[in-house]
Amino acid sequence: DAKTTQPPSMDCAEGRAANLPCNHSTISGNEYVYWYRQIHSQGPQYIIHGLKNNETNEMASLIITEDRKSSTLILPHATLRDTAVYYCIVSPNGGSNYKLTFGKGTLLTVNP
Amino acid sequence: DAGVIQSPRHEVTEMGQEVTLRCKPISGHDYLFWYRQTMMRGLELLIYFNNNVPIDDSGMPEDRFSAKMPNASFSTLKIQPSEPRDSAVYFCASSSDTGSYEQYFGPGTRLTVT
């Protein structure tokens, strides 16, 4: 599986956009970019995923560069409840090689 | 749906005892995953099943750990004998074989081995 690189921590002011970067320069053609987050003491929560096109859902937007070597997760209006560890993961989508390898992630702290 | 259900939520046991963790996946999901989370090692995949069949158990630490999925609605992770280094939070997750394959995680079981 391709590995990802994320900053260990970031801060964001409440109400502002949070932009979380991820580098995955060795991503393979069949691997998707997944984002999960883990709020303290809870199980990880799926946020969004994509292959090569930008994606948006009710939680966030995912911007993937054209060469697919990096991506950015955008929380458009961060709230205090968005304080969590955010994980960027690359994995095939389904099949016998489908598994998520969690790194250390980015601790996002949203400040009032 | 109630989501992924895990039991017990907390378990405290003595070294050498057998521990059984239980998981009920979301109805209709085809994949079931067991993870372990510690401060030192982060979140690690132990084993996963597809249609009740183990696909990859390369993350299982050693023979003291075993996992079963006798049917589509139930799985167990057993540690025998338990050791203090097994203390961790164990998560179960499930996902569907269609769509986005997003994994839904349970609340976890916090295991303490003294």
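The values are calculated or read from the model by the stated rules, or taken from the named source; none is laboratory data. Here the structure is a predicted model, which means the values were calculated and not measured. Neighbour counts are summed over all protein chains in view; Cβ atoms, including those assigned to glycine, are modelled from backbone coordinates with ideal geometry. These accessible areas exclude ligands, DNA and RNA; they are computed on the full protein's heavy atoms, side chains included. Shrake-Rupley method; radii C 1.70, N 1.55, O 1.52, S 1.80 Å.
On full extension, the segment bounded by A:Gln45 and A:Thr109 gains 21.4 nm, given 0.36 nm per residue less the C-alpha separation. Of the trypsin sites (Lys or Arg not before Pro) found in region B:33-114, those that fall in a DSSP loop while having at most 10 other beta-carbon atoms within 10 Å are B:Arg41. A simple count of charges around B:Tyr31, restricted to other residues whose Cβ falls under 12 Å of its Cβ and scoring Lys, Arg +1 and Asp, Glu -1, yields -3.
Can you give the accessible area buried between chains A and B, summed over both chains, with a 1.4 Å probe, in Å² to the nearest 100?
For A against B, buried area totals roughly 1500 Å².
Quick note on the protein assembly as shown: its Rg to Rh ratio, both from C-alpha atoms and Rh being the Kirkwood radius, is 0.98.
Using a probe of 1.4 angstrom and keeping all protein chains present, the accessible surface of chain A works out to 51 square angstrom per residue.
Prolate is the label for chain A. Its Cα gyration tensor axes, ordered a ≥ b ≥ c, give a/c of at least 1.5 and a/b above b/c. Taking amide hydrogens as placed 1.01 Å from N in the peptide plane, the amide H of B:Tyr101 sits under 5 Å from those of B:Ser96, each at least 5 positions away in sequence or on another chain. A compact globular protein would have a Cα radius of gyration near 2.2 N^0.38 Å; the ratio found for region A:1-65 is 1.19.
Which GluC sites (Glu not before Pro) from region A:54-112 combine a DSSP loop assignment with at most 14 other Cβ atoms within 10 Å? Before the final figure, lay out each step's value.
Details: sites: A:Glu55, A:Glu58, A:Glu66; in loops: A:Glu58, A:Glu66.
Qualifying residues, ordered by number: A:Glu58, A:Glu66.
Among A:His77, A:His40, A:His49, the order of accessible area from largest down is A:His40, A:His77, A:His49, computed with a 1.4 Å probe on protein heavy atoms.
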